[in-house]
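The values are calculated or read from the model by the stated rules, or taken from the named source; none is laboratory data. Because the structure is a prediction, the values reported are computed rather than measured. Note: ideal-geometry Cβ built from the backbone for every residue, glycine included; neighbour counts use all protein chains shown. Calculation scope for accessible area: heavy atoms of the full protein, side chains included, ligands and nucleic acids excluded. Shrake-Rupley method; radii C 1.70, N 1.55, O 1.52, S 1.80 Å.
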Amino acid sequence: MSWRRVVQWVAAVAFVCTTLAHLWTQYRVDPVGIMATIALPLPALMVWFAVSTRRWHRESVATLAGLAFSWLGDGLGAVDLRVKIAMFLVAQICYAVAFWPTFRRTWGPAGWWRVGLVAVPVAVMVAVVAPRAGSLAVPVVAYGLVIAVMALCATSLGPLATAGGLLFLVSDAMLGGQEFAGWYWKFQGLAIMATYLVAQGCLARAVAVRSSSSSDDLPPSG
């Protein structure tokens, strides 16, 4: 077994184990455990992605940057909500930059279904959250627009990336409802972080698989 394969397996196991550990703290509503584990999964995913990526181009580099800024959002989010929004806004911009060339190249009349798939949930999210966001209303609207573009562009990369983009929308909708609309229900934190971490894994996996293609015209990955 090559060193690359060993590192891939170790990083993948680390990502799964740290994800499960964090979700367990969310299930138990353990504030100390949540803070201790929230920033652990993404470094493992970044290592897996870096080792699994064979061709470094705009899509791969921007995706890694998106993972890095997401990790900063995880770690610094507890300091200030504005910092958290800023880090995740940059992360979504990185993802949109990564996916945009493929989206533009594959766009066609049949692609309008993608707009509806993304626009409806984002419009609902912004309409509900923004009026309750106070001084953060403008950043919330900006974030909603950017994540809509990201999720829309992700649909051009295949089913796995499409799932990742949509799960990000679900996670952020629940988080926005929690932070600004006062939505609270049992296992809310568990649902937010489960959809978020699975979304990150889907996007990273989709791009890594595409990077192994020898063609410049990368096909969608599933």
With Rg and Dmax of the Cα atoms in Å defined as stated, name the option among [x] 19.2, 58; [y] 18.5, 55; [z] 17.1, 55 computed from the structure displayed.
[z]
Student exercise, the chain dipole from Lys, Arg, Asp, Glu Cβ charges, in Debye to nearest 20
380
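Multiplying the sequence separation of residue 187 and residue 135 by 0.36 nm and subtracting their Cα-Cα distance, what value in nm do you get?
That works out to 15.9 nm of additional length.
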List the trypsin sites (Lys or Arg not before Pro) within region 26-83 that fall in a DSSP loop (any state other than H, G, I, E or B) and whose Cβ has at most 15 other Cβ atoms within 10 Å.
54, 55
Along the charge dipole of the chain, which of 170, 157, 137 sits closest to the positive end, that is, farthest toward it, with unit charges on the beta carbon of Lys, Arg, Asp and Glu (+1, +1, -1, -1)?
157
Accessible surface of the chain, 1.4 Å probe, proportion on carbon and sulfur as whole %
72
Would you please name the chymotrypsin sites (Phe, Trp or Tyr not before Pro) within region 121-222 that are DSSP coil residues with at most 13 other C-beta atoms within 10 Å of their C-beta?
184, 185, 187
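Output the peptides 32-39, 86-93 sorted from most to least packed, where packing is the average of other Cβ atoms within 10 Å over each peptide's residues.
Numbers: 32-39: 15.8, 86-93: 20.9.
The densest-packed peptide leads the list: 86-93, 32-39.
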Within a Gaussian network of the chain (alpha carbon springs, distance under 10 Å), most fluctuating of 112, 71, 56:
112
GNM of the chain, Cα pairs under 10 angstrom: of 172, 30, 74, the biggest fluctuation goes to 30
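Residues of region 152-210: accessible area per residue at 1.4 Å, in Å²? Walk me through the numbers on the way to the answer.
Values: 1940 Å² over 59 residues.
Result: 33 Å² per residue.
For region 1-67, with every protein chain kept in place, what is the accessible area per residue (1.4 Å probe, Å²)? Don't jump to the answer; show the numbers that get you there.
Details: 3730 Å² over 67 residues.
Solvent-accessible surface per residue comes out at 56 Å².
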